[in-house]
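To start, the structure itself, in C-alpha cells.
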Amino acid sequence: MKRLFLLFSVAICLYGMNSCKSKQTLAKPEKGEIEIAIPLSGPQYQSDAENWRVVQQGVSPDMSMAKKVALQNARQELAATIRVQVRAVIDNYGKNTAVTDNIDVVNMYEEQAYSVIDQTLAGAELVGEKLYKLENGNYRYHVCLQVNKQYLADQLSKAFESEAVLQAKFDKAQFKKVYDEQMNAFLESQK
C-alpha cells in the first residue's frame, strides 16, 4: 500500500511539474505574410563598446555598382552616427573645460573632428558582405562597415593637439573621460 501511495505521489508530482512549465510558442506569420531573413543582422554586425557598425545595401543591374552604392550608404550612415556622438562629446567637453564661452574654439573643435571623421571613414573596416542576384537580373549587395571607437578617439586627440589654438586649451585626460562617458551612454541607449 505504501509503494502504491509513493508511486501515485511521484506520478502526481511529475504531472504537476510538467503542466507548470511555460510553453513558448514562436510567432508564426499570419496568412499572406512571408518572413524574410535579414542579411548581416546578428550581434557581430551591431555596434558595441569597441566599434560603431552599420549595415546597408545597394541594388543595381551592375554588380560593382550595387557594391559601391551599399558602401556609400554605409559610410553615410556611419558618418551621421559618429558625427552626432562626437558633437555630443565636444559639447560636453566644452562645458567641462569652460571653452563654451568662446564659440570660435568650439567651432574649431567641431571642424577638426569632422575632418578626422571623414578621414577615418575612408578606412572603415569591412566586417561582412553578402551578394544576391534578384529575379529581375539586378544585384543586391549587403555590407557591414565598422570604425573602432578608440582609434577615432586617438585620431581626434592628435588633431586637437596639433592645432595651436586648440592645443593651448586641450586637456587630453578630460577629453578621454568625456568621450568614454558619451560612448557608454550611446551604447546603453542602443540596448
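If a residue must be modelled with pLDDT under 95, of a type in the set (A, V, I, L, M, F, W, C) and surrounded by fewer than 18 Cβ atoms within 10 Å (Cβ to Cβ), how many such residues does the stretch 50-78 contain?
So the answer is 0.
A quick yes/no check of all residues on (1) among the aliphatic types (A, V, I, L, M); (2) free of Cβ contacts under 8 Å to residues at least 24 places away in the same chain:
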| position | (1), (2) |
| --- | --- |
| THR97 | no, no |
| VAL105 | yes, no |
| ALA124 | yes, no |
| ASN136 | no, yes |
| CYS144 | no, no |
| ALA153 | yes, no |
| GLU161 | no, yes |
| ALA168 | yes, yes |
| LYS172 | no, yes |
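So in the stretch 132-165, with the set limited to residues that are among the hydroxyl-bearing types (Ser, Thr, Tyr) and in a helix (DSSP H, G or I), which one is farthest from ALA49 (Cα to Cα)?
The residue in question is SER162.
Looking at the structure I just gave you, is ASP48 among the acidic types (Asp, Glu) and either within 16 Å of the chain's Cα centre (by Cα) or more than 21 Å from LEU131 (Cβ to Cβ) (or both)? Step through it out loud before you land on a result.
Values: among the acidic types (Asp, Glu): yes; either within 16 Å of the chain's Cα centre (by Cα) or more than 21 Å from LEU131 (Cβ to Cβ) (or both): yes.
Yes; evaluated as a whole, the condition is true for this residue.
Looking only at residues that are at pLDDT 90 or above and not in a helix (DSSP H, G or I) in the stretch 114-126, which one is nearest to GLN85 (Cα to Cα)?
Within the stretch 114-126, the match that is nearest to GLN85 (Cα to Cα) is ALA124.
Starting from residues that are under 17 Å from the mean Cα position of the chain (by Cα) and outside any helix (DSSP H, G or I), keep the ones in the stretch 51-88 and report whichever is farthest from GLN119 (Cα to Cα).
Only one residue tops the list, namely GLN57.
In the stretch 166-180, which residues are outside any helix (DSSP H, G or I) and either modelled with pLDDT of 85 or more or surrounded by 15 or more Cβ atoms within 10 Å (Cβ to Cβ) (or both)?
Of everything in the stretch 166-180, just one residue is outside any helix (DSSP H, G or I) and either modelled with pLDDT of 85 or more or surrounded by 15 or more Cβ atoms within 10 Å (Cβ to Cβ) (or both), namely PHE170.
Restricting to the stretch 175-191, give me the number of residues that are touching a residue at least 40 places away in the same chain (Cβ under 8 Å), farther than 13 Å from GLU50 by Cβ and of a type in the set (S, T, N, Q).
2
In the set GLU35, GLU129, GLU111, which member is in a loop (DSSP other than H, G, I, E, B) and among the acidic types (Asp, Glu)?
GLU35
Looking at GLN174, GLN182, GLN146, GLN150, can you tell me which residue is of a type in the set (S, T, N, Q) and in contact with a strand residue (DSSP E or B) (Cβ under 7 Å, 6 or more places away or on another chain)?
Details: GLN174 fails: in contact with a strand residue (DSSP E or B) (Cβ under 7 Å, 6 or more places away or on another chain); GLN182 fails: in contact with a strand residue (DSSP E or B) (Cβ under 7 Å, 6 or more places away or on another chain); GLN150 fails: in contact with a strand residue (DSSP E or B) (Cβ under 7 Å, 6 or more places away or on another chain).
Among GLN174, GLN182, GLN146, GLN150, only GLN146 is of a type in the set (S, T, N, Q) and in contact with a strand residue (DSSP E or B) (Cβ under 7 Å, 6 or more places away or on another chain).
Answer yes if at least one residue in the stretch 135-149 is closer than 30 Å to ASP104 by Cβ, more than 18 Å from the chain's Cα centre (by Cα) and not hydrophobic (A, V, I, L, M, F, W, C), and no otherwise.
No, that holds for no residue.
The values are calculated or read from the model by the stated rules, or taken from the named source; none is laboratory data. In this text the structure is predicted, and so the values were computed from the model without any measurement. Positions of Cβ are backbone-derived with ideal geometry, glycine not excepted, and every protein chain shown enters the neighbour counts.
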